[in-house]
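Structure first, then comments.
The values are calculated or read from the model by the stated rules, or taken from the named source; none is laboratory data. Please read these numbers as outputs of a predicted model, since none were measured by experiment. Glycine also receives a Cβ, built like all others from the backbone with ideal geometry; neighbour counts cover every protein chain displayed.
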Ligand SMILES: Cc1cc2nc3c(=O)[nH]c(=O)nc-3n(C[C@H](O)[C@H](O)[C@H](O)COP(=O)(O)OP(=O)(O)OC[C@H]3O[C@@H](n4cnc5c(N)ncnc54)[C@H](O)[C@@H]3O)c2cc1C
């Protein structure tokens with residue numbers, strides 16, 4: 001009854017066409033991309049403009065109705081679906097998907113939060129510019145979700161995280177007030193940088209409704225190579241050397257273990273192995289430049305690879321000679337998440353350590369898994385240039401089905417690996433966000449003072465805990481104030 005009433009009120013606030021509450025209409029929004037997290041809600045609301053978002057939040061905040069924002073629902077840590085309480089609303093931004101302005105002279109683009117990332121990349125290219133945020137879920141994820149999670153992806157080594165690409169934001173605060181910070185200035189030292197408070201806040205402080213974003217010159221020349229190595233140490237050393245050799249041109253540096261590569265080849269449609277014998281470690285390298293030709297860039301890359309190939313540091317290499325070959329190499333990389341899901345039960349750890357410590361991390365994590373969980377296969381893929389690894393402990397579906405306490409085992413495996421990263425000055429979460437999955441790790445690994453400041457900010461902006469409750473921050477009852 002209560003749920004029905006909430007849905008009716010939402011229809012009054014945003015129009016009947018923008019609210020659904022039939023089970024079949026809501027169900028795709030109530031389960032996450034990996035199908036590991038589910039929730040319930042009174043209804044799913046699809047606002048069409050900032051005024052509607054403002055009305056919805058003001059009403060919910062005043063009436064104790066929790067609000068769970070959702071973008072493309074591709075995040076993989078339980079933040080994009082509501083909790084199990086049911087008397088909440090899911091606020092999906094998908095109908096706010098207009099590009100408001102592209103200003104090539106200003107190298108900026110101002111867009112609504114529900115725009116799909118791939119559509120923004122396309123629109124930038126049409127304006128002879130580039131929006132460099134690139135990740136496997138780009139065909140579904142929304143820029144609002146990217147901002148809320150401070151998404152990374154494969155171009156961070158050159159262009160930074162989403163945070164580095166945001167010039168200004170429009171945000172509806174939990175009480176319905178609108179903060180219009182849509183500016184495209186590169187410099188603005190007038191007080192606190194509020195936009196950075198909302199980037200990465202995962203919908204706990206308000207709803208991002210629009211953003212001004214940085215554009216870059218469209219690349220004219222691209223060179224892509226897949227390099228093979230016998231050791232992870234050789235792979236990391238080669239990556240560090242390439243970063244020095246191609247400053248400003250190195251846009252992608254992705255590490256892939258043999259186990260991950262073969263999983264992707266097994267499960268990804270039309271994936272082709274460019275090697276006769278898959279090396280133990282591979283690095284996918286991409287260079288891009290706004291002048292010159294792809295052939296000239298590929299020649300320079302080939303030249304740079306000669307010395308390490310002669311010493312045997314690089315054991316095999318493929319340099320893409322066509323757009324098709326380049327696409328094939330990236331296809332293997334971008335297919336890993338889906339392929340891992342088909343392979344078995346992969347416990348994914350999105351850790352980061354200083355790049356030069358990656359070999360230490362891989363060695364220590366491998367030894368710890370072999371000792372405590374010998375049935376797990378280490379599967380590794382990651383944004384090597386940022387020190388960010390997706391370290392996956394892969395179990396067969398058959399083994400996992402028989403694990404009596406899955407939650408506990410997942411936590412134990414994770415803490416084993418996170419402890420190793422933490423001891424190296426690393427983090428348990430470099431991308432994807434905290435969601436509901438990693439709240440416990442926030443208590444375990446974050447500094448108490450840091451957590452206390454975060455809690456104070458949350459209490460200040462959202463005293464009624466209207467926005468995305470139970471996400472990111474440990475409960476206030478933990479005494480973190
Ligand atoms: C195949 C695949 C590859 C991926 N690769 C990467 C990668 O390389 N790097 C990376 O960082 N991530 C990656 N991800 C994770 C995911 O795509 C990103 O976290 C993405 O930024 C989430 O965007 P979304 O629109 O799907 O957000 P959702 O999943 O819908 O939501 C994510 C969080 O943001 C909040 N939120 C969403 N929209 C708003 C808004 N407008 N205002 C306020 N809060 C909001 C939600 O409440 C939730 O807490 C990948 C996922 C998949 C499935």
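Being touching a helix residue (DSSP H, G or I) at 6+ places or on another chain (Cβ under 8 Å) and farther than 25 Å from residue 347 by Cα is the filter here, so list the residues in the stretch 415-461 that pass it.
Across the stretch 415-461, the qualifying residues are 451, 455, 457, 459.
Out of everything in the stretch 171-200 that is more than 21 Å from the chain's Cα centre (by Cα) and buried (at least 22 other Cβ atoms within 10 Å of the Cβ), what residue ends up being nearest to the ligand (Cβ to nearest atom)?
Of everything passing the filter in the stretch 171-200, 172 is nearest to the ligand (Cβ to nearest atom).
Tell me, yes or no, whether the stretch 340-354 has at least one residue that is out of contact with any helix residue (DSSP H, G or I) (no Cβ under 9 Å at 6 or more places or on another chain) and more than 16 Å from the ligand (Cβ to nearest atom).
Scanning the stretch 340-354, I find at least one residue that is out of contact with any helix residue (DSSP H, G or I) (no Cβ under 9 Å at 6 or more places or on another chain) and more than 16 Å from the ligand (Cβ to nearest atom), so the answer is yes.
Which residue out of 452, 448, 423 is surrounded by fewer than 16 Cβ atoms within 10 Å (Cβ to Cβ), under 20 Å from residue 382 (Cα atoms) and either away from the ligand (no atom under 16 Å from the Cβ) or modelled with pLDDT of 95 or more (or both)?
Within the list 452, 448, 423, the selection yields 423.
Can you name every one of the helices (runs of 4 or more DSSP H) wholly within the stretch 387-481 that holds 1 or more residues which are closer than 21 Å to residue 362 by Cβ?
406-423, 439-445
Just checking, which of 182, 125, 197 is in contact with a helix residue (DSSP H, G or I) (Cβ under 8 Å, 6 or more places away or on another chain), at pLDDT 95 or above and not assigned by TED's automatic domain parsing to the domain that holds residue 70?
Checking each option against the conditions leaves just 197.
Filter the stretch 131-141 down to residues that are at pLDDT 95 or above and within 7 Å of the ligand (Cβ to nearest atom) and give me whichever is nearest to the chain's Cα centre (by Cα).
It comes out as 141.
Across the stretch 153-170, which residue is nearest to the ligand (Cβ to nearest atom) among those that are outside any helix (DSSP H, G or I) and farther than 24 Å from residue 96 by Cβ?
Once the filter is applied, the top-ranked residue is 154.
When you go through (1) buried (at least 20 other Cβ atoms within 10 Å of the Cβ); (2) part of a helix (DSSP H, G or I) one by one for residue 360, which number turns out not to apply?
The one condition residue 360 does not meet is (1).
Does residue 144 count as within 8 Å of the ligand (Cβ to nearest atom), modelled with pLDDT of 95 or more, in a loop (DSSP other than H, G, I, E, B) and surrounded by 21 or more Cβ atoms within 10 Å (Cβ to Cβ)?
no
Being closer than 20 Å to residue 447 by Cβ and free of Cβ contacts under 8 Å to residues at least 40 places away in the same chain is the filter here, so list the residues in the stretch 407-432 that pass it.
415, 419, 422, 423
Take residue 266 and tell me if it is in contact with a strand residue (DSSP E or B) (Cβ under 9 Å, 6 or more places away or on another chain) and under 22 Å from residue 327 (Cβ atoms).
no
Can you tell me which of (1) outside any helix (DSSP H, G or I); (2) buried (at least 21 other Cβ atoms within 10 Å of the Cβ) is the one residue 292 doesn't meet?
(2)
Which one of these does residue 1 not meet: (1) modelled with pLDDT under 95; (2) buried (at least 17 other Cβ atoms within 10 Å of the Cβ)?
It fails just one condition, (2).
For the stretch 51-100, how many residues meet the condition of being under 20 Å from residue 212 (Cα atoms), touching a strand residue (DSSP E or B) at 6+ places or on another chain (Cβ under 7 Å) and away from the ligand (no atom under 12 Å from the Cβ)?
Summing the residues that are under 20 Å from residue 212 (Cα atoms), touching a strand residue (DSSP E or B) at 6+ places or on another chain (Cβ under 7 Å) and away from the ligand (no atom under 12 Å from the Cβ) in the stretch 51-100 gives 4.
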